[in-house]
1. For the chain, compute the number of Lys pairs whose alpha carbons are separated by less than 19 Å, excluding pairs fewer than 8 positions apart on the same chain.
2. Share of Cα-Cα pairs in region 116-172 beyond 17 Å, in percent?
3. Which whole-number value in Å² is the accessible area per residue of region 54-174, probe 1.4 Å?
4. Out of all DSSP beta bridges with both ends in region 78-174, state the antiparallel percent to the nearest 5.
5. Using all C-alpha to C-alpha distances in region 1-63, build P(r) with 10 Å bins and read off the rounded percent in each one.
6. Hey, for a label at Ala71 modelled as a point 7 Å past Cα toward Cβ, could you say which residues of region 107-137 have their backbone N under 17 Å away?
7. Please work out the Cα convex hull volume for the chain and give it in Å³ per residue.
8. Where in the chain are the helices, taken as whole DSSP H runs, whose Cα atoms extend 18 angstrom or more along the long axis and whose Kyte-Doolittle mean reaches at least 0.0?
Amino acid sequence: MPDTEIQVRPATVRDAKTIAEIHVAAWAAAYTGIVPDDHLKSLTVAKRQAMWTEAIKYSEPQVLLALDASAIVGFVGYDRSRDAKSKPTTGEIWAMYAAPDYWGEGVGLALWDAAREGLVDEGCTDVTLWALLRNERALRFYELAGFKRELNTAKTVVMGSGKVEEIRLRRSLA
């Protein structure tokens, strides 16, 4: 991998397939052994492409891309919180993934910085996200970025033939 500074730009509909490819690859790499195999196998590029195409068209969530030179190497989707009891000033990171070959190369930090700026511009004062309890790499990243686990939010979610534990993390944007 070349030694290049990661750039960030808004996604366009023509980027949806690449976003989907990164999404599926990152899930396979990060969640094997955490998420049931049947659920991982159900995540196809075609399904994710359709989902991301619609998200980009309607800006729900807003989607930014990380680029190494001109290659898309990661993405973040963010917007207002989807949690029912959230304040209107609460934002949420809906999804953030880097291509596995770029893990540890600053992609996540570049995406987080850009999403944080976008959320502040939208008037958000704090931000949340949901993470799998067994995804230690992601939890470590988010905690280094200033997020704190909200212990009373841990919940069990059915994925495919099994269940996984999720927890919400939160941090101030001030």
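1. Within the chain, the lysine pair count is 9.
2. Summing the P(r) tail past 17 Å for region 116-172 gives 43 percent.
3. That works out to 52 Å² for each residue.
4. Details: 18 of 22 bridges.
Of those bridges, close to 80 percent are antiparallel.
5. Here the calculated profile for region 1-63 is 21, 40, 31, 7.
6. The answer is 107-108.
7. Details: hull volume 20.3 nm³, N = 174.
Dividing the Cα hull volume of the chain by its residues yields 116 Å³.
8. Values: long enough: 16-31 (22 Å, 0.77); 45-58 (19 Å, -0.44); 107-121 (21 Å, 0.57).
In the chain, the long hydrophobic H runs are 16-31, 107-121.
The values are calculated or read from the model by the stated rules, or taken from the named source; none is laboratory data. No experiment lies behind these values; they were computed from the predicted model shown. So basically every Cβ, Gly included, is an ideal-geometry build from the backbone, and we count neighbours across all protein chains shown. What goes into the accessible areas is simple: the full protein's heavy atoms, side chains included, and nothing from ligands, DNA or RNA. Shrake-Rupley method; radii C 1.70, N 1.55, O 1.52, S 1.80 Å.
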